[in-house]
1. Would you check which residues across region B:72-106 are away from every other protein chain (no Cβ under 14 Å), of a type outside the set (D, E, K, R) and either on the phi > 0 side of the Ramachandran plot or without any contact (Cβ under 8 Å) to a residue 40 or more places away in the chain (or both) and list them?
2. Among the strands (runs of 3 or more DSSP E) contained in region B:62-117, which hold 2 or more residues that are within 14 Å of B:Pro8 (Cα to Cα) and touching a helix residue (DSSP H, G or I) at 6+ places or on another chain (Cβ under 8 Å)?
3. Considering region A:66-106 alone, what residues qualify as being within 14 Å of chain B (Cβ to nearest Cβ), part of a strand (DSSP E or B) and over 11 Å from A:Leu34 (Cβ atoms)?
4. Does region B:61-68 include one or more residues that are out of contact with any strand residue (DSSP E or B) (no Cβ under 6 Å at 6 or more places or on another chain), of a type outside the set (D, E, K, R) and closer than 30 Å to A:Glu10 by Cβ?
5. Right, B:Ser43: without any contact (Cβ under 8 Å) to a residue 60 or more places away in the chain and either acidic (Asp, Glu) or farther than 24 Å from A:Gly102 by Cα (or both) or not?
6. Taking region B:73-112 as the search range and keeping residues that are over 13 Å from the mean Cα position of the chain (by Cα), among the hydrophobic types (A, V, I, L, M, F, W, C) and surrounded by fewer than 22 Cβ atoms within 10 Å (Cβ to Cβ), which one is nearest to B:Val11 (Cα to Cα)?
7. Considering region B:107-117 alone, what residues qualify as being of a type in the set (Ser, Thr, Tyr) and within 13 Å of another protein chain (Cβ to nearest Cβ)?
8. Restricting attention to strands (runs of 3 or more DSSP E) lying wholly within region B:1-46, give those where 1 or more residues are within 12 Å of chain A (Cβ to nearest Cβ).
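Quick note: the coordinates plus some simple rules give every number you see, no bench work behind them. These figures come from a predicted structure and were not determined experimentally. Here the Cβ positions follow ideal geometry from the backbone for every residue, glycine too, while neighbour counts run over all protein chains shown.
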Amino acid sequence: AQTVTQSQPEMSVQEAETVTLSCTYDTSESDYYLFWYKQPPSRQMILVIRQEAYKQQNATENRFSVNFQKAAKSFSLKISDSQLGDAAMYFCAYRNTPLVFGKGTRLSVIA
Amino acid sequence: GAVVSQHPSWVICKSGTSVKIECRSLDFQATTMFWYRQFPKQSLMLMATSNEGSKATYEQGVEKDKFLINHASLTLSTLTVTSAHPEDSSFYICSARADRGFADTQYFGPGTRLTVL
């Protein structure tokens, strides 16, 4: 069975700085998708970024980028120029049917 | 695009009554929808997978007679909590997987907060 591990329950970052959230996963499949979702205090789950495993190039979406290390089964999220609105729970997820979620990392942004 | 709505956003009911929650994909078709439950400060727990035109697939430990799921069309799935009890109080979230485009991406509704008195 696939598992997703987020080893950092809480993280904090100064506004305008960069922070990296860690995620590792376990799977025997070779082709799959990985996601980062953000859940702000409103509790609406928002897709931040997705990565297709067959693509070697790391996905980027504006200030958000990933470091995808397939051999190491690692999928970290980097947030650059952190903003107050980035404060939220961040969930790493592995695409299966259905999604397999990590336990989440709560990110605080300090003004 | 890829908007999912949920209704109601919050509901308070008396113990023993039933509550229906609707999940709609507004601008895409979704053969498959998912229902999750989330406890405070925890991750999402999958309850069931809802497939249009067929019976839902429930996760182990989820009572299918208590949590009735109906996926009547390609844009609508409903979750009915029957004979609700205080322990059913929780945050319920649905998601929909698009049939086209990024078919492996799930888009989430805003959630429904259920309080059973």
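1. Listed by number, the residues that qualify are B:Ala72, B:Ser73, B:Ser83, B:Ser89.
2. none
3. Matches in region A:66-106: A:Ala88, A:Met89, A:Tyr90, A:Phe91, A:Phe101, A:Thr105, A:Arg106.
4. yes
5. No.
6. In this case the residue turns out to be B:Leu74.
7. The answer is B:Tyr107, B:Thr112.
8. Passing ranges, in order: B:4-7, B:10-13, B:32-38.
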